[in-house]
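The structure appears below as structure tokens.
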Amino acid sequence: MKRHLILYALIGLIAVCLVQGCKQTAEETLSPELAQAEAVMFEHPDSALHILETMQKPDASNEEQHALWCLLVTQAQYKQSFTFHSDSLIRIAYEYYRPTDNSRRKALSALYMGNVNYELKHITEAMDYFLEAKAEMEKTDDYKLGYLVMSSLGNLYVYRDLTDYALEAFREAYTYAVKDSCKRYEISSLQDLGRAYAVNEDYERAIDMYTQAIQIRDCAHITFRSLESELADIYSMLGEYEKALFLEKQGITDDSISAQNYYSIGGIFLNLEKYDSAYYYLKKALNTTNVYTLAGAYDALMYLSHQPAYRKYMADFCDSLLFYQDSIYALDKSETIIAYKEKYEHQKLINKNQRLTYQNTRLSLWGIIAFLCLIGIVIYFYMYRKAMIRRKNAEFNHLISQLNENERLISRNNTYIAELERRMAESQEATGQMEELQDTLASLQAENLTLHQANEQLKDEISAYKSTYKMTSETEELNQLKSQRDQLSALVLETHPYLVTLHQKPVCLTDKERSRICQLTDTIYADFSKRLFATVPILSKYEVLLCCLIKLHFSVGEIATLLAISPASVSTSKSRMKKKIYTHLKLSSEKKSFDSWIWKF
């Protein structure tokens, strides 16, 4: 026990060294505000953000509370489409949860690290974070989290023309949404599948996805406005402009129509060659600050200006189109420059931190390595000594087991010798059988002499082990059980009323009594007849019965009476059966008598 305590202490010391410099604190109970904000986050992110902004911000010394606050604030801001300028806030939560065992929080922090980096145009980093979130999410049963992760990953893929990967991710997102029983998530995932199929130009499946989403929305009475508009775009690509126009008008209301809706309706009227209506809606689409929508609307108006009635506006439309196209180019270019600048600054900061970390940890690392080597040497010698003691103990137990087994065999042989001497005294055996009994008696006596000599040698070896090592025997109980089994079997043979009666007054056995003899033998000697037949399947039922009678220590004369045959026939049957069994098992008939073999089987 003392050695085990030392080993556990050493292992604990190793663990402390491996986490040197890390502050270990017990998990604290969340503050009521954080718990409330987390509870309402998915349904009411605006309320969650209000709670988080009005509560006292957790101090940085309380790492757990501070990390959760950063995670929840980022989550609430992202759900309300806030503009992010850096990932510094969510990085605090990510760095805190990353080395922990909290798979849900690890996945959630990695998810929003990916979302924020995606907003910052750090696409490669965002993908890495999404994949990390996926790996951690799969360790949990949070289906809502599973939907969010796979939906984010799918959107990244679909806008990078990786449609096959996007479809797979969106299918998984839909599966999680169904398991979570969230109709809004089901609708959103079907919408994402529709977009992916549309990008893949599989318009039939895209239409089917949007149709299912609309049906679920209508049945659940959920407000979800963009489905008809996106479905209308697909019908426009298929040239079904009347259906597209119907869906566009069906999907908007007076208080929800946007510049993008006006632009889509104007484009449909333009394709239908209804130029007045197209001009009306395209002009309304210009009432927006979205340069992409403005550029698209002016491009459609430029196309419309080829018609005689609108040719007078061509110069204005052309100038405006060029202006917004230049704005889009400048915007894309500035975003690229900003992205590269942020990447450079971030990498510069990483390199600086790496240099400082390397200088501070180099000596500590060498110290830890030296200490681990020392601990490894100590553990090796401890395990080596333990293995040596185990091996010596196994050898000692083997000697004890062999000694007890020899004692048991001597005791059993003595029982057989007494039985043989009784038969020889009664002189009921045939001449050939009498000679065999004498040979068996001599071989058993010689075997006992050999066993006694072996036991003396074993006792000497056991004494030497006891004087050198502190040994304990693990086989004593097993050997006692074997000895008790042999004694019980002998006692049953001597006292069983039915067997005693057959020995005193043997009579011819009926078929029922023969079966009873076999069953009794199986009971006393652990399925003797079944084991014998399995070992020598060529034996007949009569031969198995004869073996059972021999096993029950009936003499040749008694067997002759029980089977209604002459003693000579019994001796002949035994000789034939011995030859059959010994030949089948490839045994030497000279080494052991048949009765002795049956008794020991």
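The values are calculated or read from the model by the stated rules, or taken from the named source; none is laboratory data. None of these values were measured; they are calculated from a predicted model. In this analysis, Cβ positions are derived from the backbone assuming ideal geometry, glycine residues included, and neighbour counts consider all displayed protein chains.
Key figures for this structure:
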item	result
Filtered residue count, the stretch 362-406, keeping only those that are closer than 21 Å to Ala464 by Cβ and more than 35 Å from the chain's Cα centre (by Cα)	19
Of the criteria (1) within 21 Å of Leu441 (Cα to Cα); (2) assigned to a helix (DSSP H, G or I), which one Phe554 fails	(2)
One residue from Leu539, Leu587 being outside any helix (DSSP H, G or I), within 54 Å of the chain's Cα centre (by Cα) and surrounded by 14 or more Cβ atoms within 10 Å (Cβ to Cβ)	Leu539
Test result for Tyr329, out of contact with any helix residue (DSSP H, G or I) (no Cβ under 6 Å at 6 or more places or on another chain), among the aromatic types (Phe, Trp, Tyr), on the phi < 0 side of the Ramachandran plot and at pLDDT below 75	yes
Identity of the residue in the stretch 368-395, of a type in the set (Gly, Ala, Ser) and modelled with pLDDT of 80 or more, that ends up nearest to Ile462 (Cα to Cα)	Ala387
Residue satisfying all of: in the stretch 237-256; loosely packed, with under 12 Cβ neighbours inside 10 Å and among the small types (Gly, Ala, Ser); modelled with the lowest pLDDT among these	Ser256
Matching residues, the stretch 217-236, being surrounded by fewer than 17 Cβ atoms within 10 Å (Cβ to Cβ), assigned to a helix (DSSP H, G or I) and under 39 Å from the mean Cα position of the chain (by Cα)	Cys219, Ala220
Test: residue in the stretch 191-201 that is farther than 27 Å from Leu270 by Cβ, in contact with a Lys or Arg (Cβ under 8 Å, 6 or more places away or on another chain) and in a helix (DSSP H, G or I)	yes
Number of the exception - Ala309 against (1) at pLDDT 75 or above; (2) surrounded by 14 or more Cβ atoms within 10 Å (Cβ to Cβ); (3) of a type in the set (Gly, Ala, Ser)	(2)
Cross-chain or 6+ apart pairs with Cβ under 7 Å, the stretch 80-107 first and under 22 Å from Gly146 (Cβ atoms), then of a type in the set (Asp, Glu) and buried (at least 20 other Cβ atoms within 10 Å of the Cβ)	Ser103/Glu136; Lys106/Glu136; Ala107/Glu136
Residue match in the stretch 504-512 (condition: surrounded by 11 or more Cβ atoms within 10 Å (Cβ to Cβ) and assigned to a helix (DSSP H, G or I))	no
Selected residue (only one of Ala446, Ala454, Ala418 is farther than 25 Å from Leu549 by Cβ, of a type in the set (Gly, Ala, Ser), surrounded by fewer than 12 Cβ atoms within 10 Å (Cβ to Cβ) and modelled with pLDDT of 70 or more)	Ala446
Flag if Thr211 is surrounded by fewer than 15 Cβ atoms within 10 Å (Cβ to Cβ), assigned to a helix (DSSP H, G or I) and under 47 Å from the mean Cα position of the chain (by Cα)	yes
Counted residues, the stretch 51-76 - those being surrounded by 14 or more Cβ atoms within 10 Å (Cβ to Cβ) and more than 21 Å from Tyr94 (Cβ to Cβ)	2
All positions within the stretch 365-421 that are closer than 20 Å to Asn455 by Cβ and of a type in the set (Val, Ile, Thr)	Ile400, Ile410, Thr415, Ile417
Count of the stretch 107-125 residues which are hydrophobic (A, V, I, L, M, F, W, C), surrounded by fewer than 24 Cβ atoms within 10 Å (Cβ to Cβ) and part of a helix (DSSP H, G or I)	1
Count of the stretch 560-584 residues which are loosely packed, with under 14 Cβ neighbours inside 10 Å and closer than 21 Å to Ser529 by Cβ	5
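For every residue, the table says whether it meets (1) assigned to a helix (DSSP H, G or I); (2) surrounded by fewer than 16 Cβ atoms within 10 Å (Cβ to Cβ); (3) free of Cβ contacts under 8 Å to residues at least 24 places away in the same chain; (4) touching a Gly at 6+ places or on another chain (Cβ under 7 Å).
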| residue | (1), (2), (3), (4) |
| --- | --- |
| Met127 | yes, no, no, no |
| Ala133 | yes, no, no, yes |
| Lys139 | no, yes, no, no |
| Leu148 | yes, no, no, no |
| Ser151 | yes, no, no, no |
| Leu156 | yes, no, no, no |
| Asp161 | no, yes, no, no |
| Phe170 | yes, no, no, yes |
